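Visitor: This structure is in structure tokens; I'll ask about it shortly.
Laboratory data are not the source of any read-out in this text; all were calculated from the coordinates shown. Keep in mind that this is a model prediction, so the values were computed, not measured. Reconstructed Cβ throughout: ideal geometry from the backbone, glycine too, with neighbour counts over all protein chains shown.
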Ligand SMILES: [Ca+2]
Ligand SMILES: [Ca+2]
Ligand SMILES: [Ca+2]
């Protein structure tokens, strides 16, 4: 058994796999159960799982779906699209919910609401050609490995090739420098012709300050091109526009409609929602409508939200600078709205805010003065808040100020910069270059200082000097895009350090060599200096980008806060984040802030020990236990015991809350257990139960460290009872079941089903070095059953019979089904989401499988995800669940640490490795509390060599552990650090070598600790 866990490789593993297809015990599989237990995976497919392989390169249509986040952690969401252009641009503090299921598991190209880009300029034979870096270049290749995206551009008829490298600094353990509102671009031009030529790069950026508010504010945008600190910058800002500038006194208002008459006059109504004339206030069954003028208004709640229609004004001349009106009702863009139409096109639109009270709103229509327009009021919505209230529409030279407050407090108020790391060409020369780029939808200019109405879209350009390139020569130009939008409701951490986008850009360029160097060092340590398959490395790291999306926020207070997925649901949900190991291993400071400021802070009930699962006062059984496990993990990822000491009383209290729910101290939680399936499990089950037992083990360890032996003993006793009773009562023959009275609780239970997540707590226990919480042979059997009964090489057949509530995998794609009933009747009203495929669960299960030696199955599950998220179909960087970039997907890091058999306890100075794949030649990156580096293990006849090479920071060590082959009965161990011998004691037991150093040792950057183990 031990041997199979340590020596699993390629074909050896495949033959194991084939063996358990034929194993079956216990009850027969029911007829009609449609997941084939024989997965029929081809030898080639299985072999490919283990190949080191090459960096993946995508071309053609595959580029369309790609959107790699290139913003800093919690600094907004900006995509590098597959063709090297930027997309999404959610950096303006706007709340965006990205949808669920079919809405976001679809094939699409991310949009690009802000105009920006680069073009290569070539001067040859007296001609200047500017060729934009986008999908029309010729051949375009994307080779992104998060955090660094690389796009290459070739064209046989063009004399240079260009490489664009884009990333936001990403340095594990250095959260602040990884959370910059900035993107670095390295643009390399290579002369591929046989003649000398002149070349340079043109860059441009649109002023998108006030992008969402522009139509409702009286402001101007300003764009400057400045030279500072030896650099050239485009600086975009906005400011209050002087009222009536150059136009004399305001002209009298024209009231277009006050809706005071018995009917709509010249206005034309369609549908039933508007009735025969204006409403006289609140309609039957409506909440109180206020804020309108006079006695009448438009109110489409006629007959309730179900009614609809349109009300269209006669044509009128736009004879003033603003249109002011009162608006209330529903907040559905395009469905409960008022539109301004010019030539039949909607040029302005506004909705209510799900509030019956009407409030002033205005449109800046200066650019349409003199044109003929119409106003259209629309109700195309029949669900809650599916109506609109409008009154008092006026043409005016002055905006009627609404409730939006001063300009500099608006969420999208701030600044944007595109900086070139060196002096650029003079604006006059840039203007000449602009002539060669041709027509564009957005006006490009190179003025040194220009202001224009906020409703106008303009892009400013800068260019490098052109440089002479001999045949084969290369030149790299560095640019930084930076933004500064501080007005998030909770503030941005980055705004504690900077005051403008210019400051951000200069900081990045002042520290460019370190920031870019450390980012590249992490990239190379993780992807290059590794023996793991390249596809797997890409997959497991791609989800980490979720930190740099709208899912995550890092507030001014220093508190990290997150949605589950982009825009939904609220409160760094304990049970969803239960799965996400990546942030804790890469940026432990962020996770510690969630524990201290949310779980044991704002969301903690001092009286009871309840950890509100969304920072509220609501109990989730899995989240409660998971919080204790996370606290132990955050302690392990700390350099000292300060975190534990500060938080222990509350950690203990949180565990006591779960012990209280257990009730009778038998180690089983029997009562109603709300959990991550958004339902309550009733009666004992191992989903919550295993988390509870693992939390008890973590509690025992923390209690011992805190000298609370009495509590440690209590945790141990509860754990032993719970573990024993689980096997006695919940073992169903091949997997654990739930003990529930289905007559009493007919809905949302799994009963005798096979739940993929049933050993979640055991996976956690391995991650924390807590060992087995159930007997090892039961654990192994469960995972074999989950593979056999829940993973389908094609989910189509199963989902055709049992339709999922939401779609996260399509027919033809592989996936792990949440819950199946292979041996008992299917529960039609069973656990919610039972037919769905969640990548977070898949990684959780795969990671656990690795610990149990089921490496082939684990890789097959991960490969299934990888193939689903192939860019031919979906953005490979966006694993979705309830929203884009779903936090649970960051469970992927648990697979990575499992493959290394990684254990770590910072305060104790303990580090351990037990590679589960190619242990004879194994290399991976690792992160500890204060440093990261690379671990190498090599094995040949009678010798095993371990090398821990520190690449960044420091690593304080007192003890180490390694897995050694079983035939190593006794060993000699020699240790050196930075070439000097280190004294130690060691003991060997059951294939595990434990080493205790005589003195604490600190390994510093670029030093190596080497352990040679000889038989
Ligand atoms: Ca009125
Ligand atoms: Ca309606
Ligand atoms: Ca109990």
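Visitor: Could you let me know the centre-to-centre spacing of the stretch 903-946 and the stretch 93-147, using Cα atoms, in angstrom?
Guide: That distance is 40 Å.
Visitor: Can you put 95, 361, 674 in order, fewest other beta carbons within 10 Å first?
Guide: Exposure proxy ranking, most exposed first: 95, 674, 361.
Visitor: Further question on the same structure: For residue 353, put the label point 7 Å out on the Cα→Cβ axis and report which residues of the stretch 475-508 keep their amide N under 20 Å from it.
Guide: Only 486-491 pass the distance filter.
Visitor: May I pose another question? Sort 472-483, 161-172 for me by packing, meaning the mean count of neighbouring Cβ atoms within 10 Å per residue, highest on top.
Guide: Result, highest mean Cβ count within 10 Å first: 161-172, 472-483.
Visitor: I need 711, 613 ordered by Cβ neighbour count within 10 Å, fewest first.
Guide: Fewest to most other Cβ atoms nearby, the residues stand as 711, 613.
Visitor: Take every Cα pair under 8 Å in the stretch 926-1015 that's 6+ residues apart, average their separations, divide by the length, and report that relative contact order as a whole percent.
Guide: Relative contact order here is 36 percent.
Visitor: Let me ask something else. Restricting things to alpha carbons, find the Rg to Rh ratio for the stretch 489-623 using the Kirkwood radius for Rh.
Guide: Answer for the stretch 489-623: 1.03.
Visitor: Let me ask something else. Given C-alpha coordinates of the stretch 206-272, what is the ratio Rg to Rh with the Kirkwood estimate of Rh?
Guide: 1.26
Visitor: For a label point 7 Å from the Cα of residue 102 along Cα→C-beta, name the residues of the stretch 658-690 whose backbone N is under 19 Å from it.
Guide: none
Visitor: Name the shape class, rounded, prolate or oblate, that the alpha-carbon gyration tensor gives for the stretch 413-486, where a ≥ b ≥ c are the square roots of its eigenvalues, rounded holds for a/c under 1.5, and otherwise prolate holds if a/b is larger than b/c and oblate otherwise.
Guide: It is oblate, given that a/c is not under 1.5 and a/b is not larger than b/c.
Visitor: A further question follows. In nm, give the distance between the simple-model label positions of residue 139 and residue 52, each being 7 Å from the Cα along the Cα-to-Cβ direction.
Guide: 2.5
Visitor: Mean residue ellipticity at 222 nm from the helices of the chain, using -39,500 (n - 2.57) per DSSP H segment of n ≥ 4 over the full residue count, to the nearest 500 deg cm²/dmol?
Guide: It comes out at -6500 deg cm²/dmol, rounded to the nearest 500.
Visitor: For the chain, give me the percentage of DSSP beta bridges that are antiparallel, rounded to the nearest 5 percent.
Guide: Once the DSSP bridges in the chain are tallied, antiparallel ones form about 95 percent.
Visitor: Additional query: For the stretch 592-662, what does the relative contact order come out to in percent, with C-alpha contacts under 8 Å and a separation of six or more?
Guide: Relative contact order of the stretch 592-662: 31 percent.
Visitor: Using the beta-carbon distance between residue 154 and residue 710 and R0 = 51 Å, what value does 1/(1 + (r/R0)^6) give for FRET efficiency, to the nearest 0.05?
Guide: Efficiency for this residue pair is about 0.15.
Visitor: For each of 142, 736, 968, 719, count neighbouring Cβ atoms within 10 Å of the residue's Cβ, then give the residues from fewest to most.
Guide: 968, 719, 142, 736
Visitor: Further, regarding this structure: Mind giving me the nanometre distance, one decimal, between the label points for residue 290 and residue 528, set 7 Å out from Cα along Cα→Cβ?
Guide: 6.6
Visitor: Per 0.36 nm of contour for each residue apart, how much would the distance between residue 641 and residue 443 grow if the chain were fully extended, relative to their Cα-Cα spacing?
Guide: Residue separation times 0.36 nm, minus the Cα-Cα distance, leaves 65.5 nm.
Visitor: If the viscosity is 1.002 mPa s and the temperature 20 °C, what translational diffusion coefficient in µm²/s does Stokes-Einstein give for the chain when Rh comes from Kirkwood over Cα pairs?
Guide: 69
Visitor: Using 1/(1 + (r/R0)^6) with R0 = 56 angstrom and r between the beta carbons of residue 128 and residue 569, what's the FRET efficiency to the nearest 0.05?
Guide: Taking R0 as 56 Å, the efficiency between residue 128 and residue 569 is 0.60.
Visitor: Output the relative contact order of the chain, whole-number percent, from Cα pairs under 8 angstrom with separation of 6+ residues.
Guide: Relative contact order, the chain: 13 percent.
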